[in-house]
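The structure appears right after this line, and notes come after that.
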Amino acid sequence: MTFTANARLQLAYVMRQVGPTGVTLLPDWNVCDLAAHVVVRERRVDVLPGLGGVYGPLVRHSEAVRQRYRRLPWEQLLRMVEQGPPRWAPQRWMHVEPINTALNLLEFTIHTQDMVRAHPHLPSPVITEETAHALWKQLRLACHLLYRSCPVGVRLVRTDSAHPTSRTRDSTVINAKKLPANLYQRPHAMNHLPELPLVSVRGQVLELVLHAFGRDQGSNHPHPSQLVQVSYDGSPEALSAYRSYRRGV
């Protein structure tokens with residue numbers, strides 16, 4: 001079984017534990033809302049342009065379709081999550097490796113945590129070293145999109161790597177095109193432009209994933225900043241600019 005197939009089963013398992021009316025970290029979404037989102041993402045190609053978009057008509061269409069799926073019987077909706085897209089669905093190509101991992105591993109892992117961290121009594125699924133490595137690889141690819149408008153340079157650093165001296169423990173410097181080359185050897189030094197310092201964010205890979213996708217900013221939790229355990233290195237000016245940046249897609 002692939003990492004992503006296992007992540008899908010974990011997602012469905014937690015959904016079943018919490019139930020359709022259970023809360024999530026996503027504002028105004030319960031577990032049924034989340035399940036409907038996962039299903040339409042995989043079964044309705046016409047909703048994809050509106051997912052996470054800003055163009056009103058596309059967003060409204062995506063939401064209307066999601067609401068129709070949300071009204072399906074819970075067990076039917078949950079089976080759709082477990083089974084993934086049917087053979088006739090255009091998104092079936094999303095199940096072909098390595099595309100499946102690239103598009104779905106982070107998605108399923110994050111949404112599982114959206115439920116687990118909203119229900120502290122639930123145990124978090126175990127992240128094996130192999131899964132952590134796969135998550136880290138996908139995060140390093142995604143972070144350039146996630147931080148594309150960030151006003152500072154960012155380096156993500158794993159603290160749970162099995163090889164702490166390996167270069168792959170650290171992400172590349174995001175927004176590196178804005179930084180002078182000598183900052184690669186000086187992680188806390190300032191750019192010659194005062195608005196472009198460098199910040200290092202350290203944590204276990206799952207914490208870095210949730211942090212990069214903004215789950216500690218404005219989630220449905222009384223203390224979002226306490227949801228994710230990361231630490232920061234950087235000047236006060238750099239940290240202030242970084243914390244003002246809205247992460248996620």
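The figures follow:
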| read-out | value |
| --- | --- |
| Phi to ³J(HN,Hα) by Karplus 6.51 cos²θ - 1.76 cosθ + 1.60 over the stretch 208-218, Hz, x for Gly, Pro | 5, 4, 5, 5, 5, 8, x, 6, 9, 10, x |
| Overall Cα dimensions of the stretch 69-156 - principal axes, largest extent first, Å | 46, 37, 29 |
| With every protein chain in place, the chain: carbon and sulfur % of accessible area (1.4 Å) | 57 |
| Global form of the stretch 11-50, assessed from the alpha-carbon gyration tensor, a/c cut-off 1.5 | oblate |
| For the stretch 71-132: accessible area per residue (Å², 1.4 Å) | 52 |
| Karplus 3J(HN,Hα) series, Hz, for the stretch 123-140 with 6.51 cos²θ - 1.76 cosθ + 1.60 (x for Gly, Pro) | x, 6, x, 6, 9, 6, 4, 5, 5, 4, 5, 5, 4, 5, 4, 5, 5, 4 |
| Between helix 99-116 and the chain: long-axis angle, C-alpha atoms, 0 to 90°, nearest 10 | 90 |
| Degrees between helix 31-43 axis and first principal axis of the chain (Cα, 0 to 90, nearest 10) | 90 |
| Difference of contour (0.36 nm per residue) and Cα-Cα distance, Arg68 to Asp46 | 6.5 nm |
| FRET efficiency, 1/(1 + (r/R0)^6) with R0 22 Å, evaluated for Glu97 and Val126 via beta carbons | 0.50 |
| In nm, spacing of pseudo-spin labels at Arg16 and Ser244 (7 Å Cα→C-beta vector) | 4.8 |
| In Å, descending, principal axis extents of the Cα set of the chain | 57, 41, 37 |
| Val199 long-range amide H proximity, modeled H, under 5 Å | Gly153, Val154, Arg155 |
| Cα centroid separation - the stretch 1-33 against the stretch 86-124, whole Å | 9 |
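The values are calculated or read from the model by the stated rules, or taken from the named source; none is laboratory data. Keep in mind that this is a model prediction, so the values were computed, not measured. Cβ atoms come from the backbone with ideal geometry, glycine included; neighbour counts cover every protein chain shown. The area values use the complete protein model at the heavy-atom level, side chains included, leaving out ligands, DNA and RNA. Shrake-Rupley method; radii C 1.70, N 1.55, O 1.52, S 1.80 Å.
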